[in-house]
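Here is the structure we will look at, set down as structure tokens.
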Amino acid sequence: MTPRAKFPATQPEPVAVGRELPAISVSPGTIESCDFLDAESVDAIAVGVGAPIAGDDELQPRAGTVHASARYRIDLAELAHRSHFKAAPGTTHVIDLPVTHRGSGAVLPWQGLPLRIILMGVGQGTDDDLRKAGAALAKVSKGLGKVVTTVAARSDDRGTRHFVEGYLLGAYSSWSRKAKAAPVPAQELVLLGPNSQDAVDTARRHAWLTWIARDLATIPSNIKTPAWLASQFVAIAKTYGVEAKTWSGKHLQDQGFGGVEAVGQGSVNPPVMVQLSYVPEKKAKDHKHVVLVGKGISFDTGGISIKRPRETMITMKTDMTGAADAFAAVIGAATSKIGHSVTAMLPLAENHFGANSTRPSDVITIFGGKTVEIANTDAEGRVVMADALAYGSLELGADLLIDVATLTGAAAMSLGHSHAALFTNNEDLSKRFLEAAEETGEALWRMPLVHEYSEALESQVADLRNIPEHAAGAGAVVAALFLEQFTNGLPWVHLDIAGPSHRNSKHHEANKGPTGFGARVVLEVLEKL
Ligand code: BES
Ligand code: MN
Ligand code: ZN
């Protein structure tokens with residue numbers, strides 16, 4: 001008998017997480033005065049056009065468009081009008097200029113200048129509009145060499161930050177194993193005009209972390225086992241001076257992480273709890289210790305309570321986006337050297353069915369001693385999160401807790417792909433998060449913690465049931481109320497990102513597929529704390 005050919009269970013290592021972002025530089029001046037605008041070295045210039053103001057149908061050419069018109073000696077506003085360009089944010093109109101017929105002896109007014117002008121719709125020029133314009137420029141300039149733009153040059157740093165962040169997010173190409181490589185972003189983007197390098201750096205730091213979260217969420221679950229994720233987190237953390245600690249096997253049990261154990265025990269890829277700690281060299285006067293918790297389910301089959309219909313399982317490789325976000329935020333806190341301590345607790349497990357899977361009706365013990373009846377093994381996120389929240393509040397001396405999780409289909413049902421559900425027991429934190437949402441474009445919508453609904457979580461045999469006995473709606477609220485049981489009264493924010501963690505089609509700076517949503521809004525809050 002010939003031995004059966006073995007298909008490799010695990011694929012070789014994928015590309016390293018933490019890819020280099022495309023280059024961006026800053027240069028003062030205007031299109032009229034600029035001395036490096038030659039066709040040889042610059043492939044395109046991109047200039048802004050504002051949308052008509054209400055009650056009017058006149059486009060609003062920005063300074064760059066006016067200067068380009070003067071330098072090229074072309075009426076760009078007329079050209080835009082003639083081609084029905086409406087300058088809506090995120091739209092573009094590409095003008096490829098001709099050259100003279102060889103031997104004709106004619107000289108065109110734009111001789112020697114870059115031959116492509118990109119008109120960029122910037123709407124009313126809001127932060128949001130500039131992010132969309134940035135993303136649109138990234139798409140339209142793929143494959144080019146050097147691109148020069150004046151679009152970001154608004155009177156303040158915010159404009160630069162939003163435009164650059166949009167550009168870098170739009171430039172993302174998905175992690176993939178395709179034989180044919182995706183088109184690459186322009187080699188260099190030059191921001192012409194008064195743009196602050198600081199704003200560019202902030203945008204770059206935030207976008208880089210979102211790229212990491214997207215890559216991690218995109219990598220398939222046969223590669224990103226809990227152990228693999230843990231090793232990536234620990235390796236990257238160490239290079240940024242962030243301390244790392246992990247629990248697995250017997251140590252996980254000994255530490256009392258009964259939730260992570262119960263969810264992960266049905267898989268051949270065993271669960272891991274990861275702790276990453278950033279401690280500032282120079283502590284802020286009002287120093288706080290923030291504990292971040294991120295749901296890290298490397299794949300969610302639903303467990304014995306298997307998911308139905310089966311198509312709903314396909315996107316469940318992204319069920320670790322919360323952990324990727326919390327990881328990104330702690331790395332971000334370390335790179336921007338914030339004055340507060342940040343610890344990320346990342347419960348990593350694969351929710352699978354197997355001979356050793358937790359059964360519906362099993363009773364388990366969460367860290368700290370509370371018992372939970374597992375009525376449905378598909379409500380696994382709250383169970384692993386419970387261990388981490390309890391550990392943060394009971395052991396780590398947290399001043400506040402922030403958790404991020406692809407927790408409920410109900411949150412996605414109510415808010416769709418653009419907004420995450422925000423739950424909190426603290427008004428100040430609510431304000432901070434809603435402001436950070438504006439600042440980053442990661443939209444949040446506050447939902448209520450309706451304490452009356454807690455009754456639904458009562459169990460006959462344990463302190464809590466993981467799902468209500470009789471479904472009564474408000475699935476996202478009930479899940480949040482379950483988590484609240486493990487926060488020990490600390491100020492706490494819970495982001496249910498089930499909806500925006502994934503998109504079915506490209507949408508401005510959010511790409512199709514895993515979006516990495518959540519990393520930037522959390523980091524923004526930490527940086528402003
Ligand atoms: N990971 C899912 C939630 C989810 C659904 C995320 C859709 C992204 C898109 C979570 O573990 C889950 O299965 N939740 C259940 C809870 C239910 C059993 C109470 C749900 O929402 O259906
Ligand atoms: Mn589930
Ligand atoms: Zn899940």
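A few remarks follow.
- The criterion of at least 2 residues that are within 24 Å of the chain's Cα centre (by Cα) and more than 16 Å from ligand 2 (Cβ to nearest atom) is met by the following strands (runs of 3 or more DSSP E) wholly inside segment 327-414: 341-351, 400-405.
- Pairing residues of segment 61-76 that are farther than 12 Å from C34 by Cβ with residues that are modelled with pLDDT under 95 and part of a helix (DSSP H, G or I), at Cβ distances under 6 Å and at least 6 apart in sequence or on separate chains, gives P61/A77.
- Single condition S248 does not satisfy, out of (1) out of contact with any Cys (no Cβ under 7 Å at 6 or more places or on another chain); (2) open to solvent by less than 30 Å² (accessible area, probe 1.4 Å): (2)
- Filter result (touching a Leu at 6+ places or on another chain (Cβ under 8 Å) and open to solvent by 30 Å² or more (accessible area, probe 1.4 Å)) within segment 235-244: E243, A244
- Segment 410-456 - residue that is surrounded by 16 or more Cβ atoms within 10 Å (Cβ to Cβ) and within 16 Å of ligand 3 (Cβ to nearest atom) and, of those, farthest from T126 (Cα to Cα): A410
- Screening K370 on (1) closer than 24 Å to G266 by Cα; (2) surrounded by fewer than 24 Cβ atoms within 10 Å (Cβ to Cβ); (3) within 16 Å of ligand 3 (Cβ to nearest atom) shows it passes everything except condition (3).
- Hits in segment 306-326 - residues which are among the hydrophobic types (A, V, I, L, M, F, W, C) and part of a helix (DSSP H, G or I): M313, I314, M316, A323, A324, A326
- Looking across segment 380-397, the residues that are in contact with a helix residue (DSSP H, G or I) (Cβ under 9 Å, 6 or more places away or on another chain) and open to solvent by less than 10 Å² (accessible area, probe 1.4 Å) come down to E380, G381, V383, V384, M385, A386, D387, A388, L389, A390.
- Selection count where residues are at pLDDT 95 or above, open to solvent by 10 Å² or more (accessible area, probe 1.4 Å) and either β-branched (V, I, T) or assigned to a loop (DSSP other than H, G, I, E, B) (or both), scope segment 191-217: 1
- Filter result for the condition that a residue is surrounded by fewer than 20 Cβ atoms within 10 Å (Cβ to Cβ) and touching a helix residue (DSSP H, G or I) at 6+ places or on another chain (Cβ under 9 Å), over H101, H162, H93, H81: H93
The values are calculated or read from the model by the stated rules, or taken from the named source; none is laboratory data. What you see is a predicted model; the values in this text were computed from it and never measured. We place every Cβ from the backbone using ideal geometry, glycine too, and count neighbours over all the protein chains shown. Please note that ligands, DNA and RNA were not included when accessible areas were found on the heavy atoms of the full protein model with its side chains. Shrake-Rupley method; radii C 1.70, N 1.55, O 1.52, S 1.80 Å.
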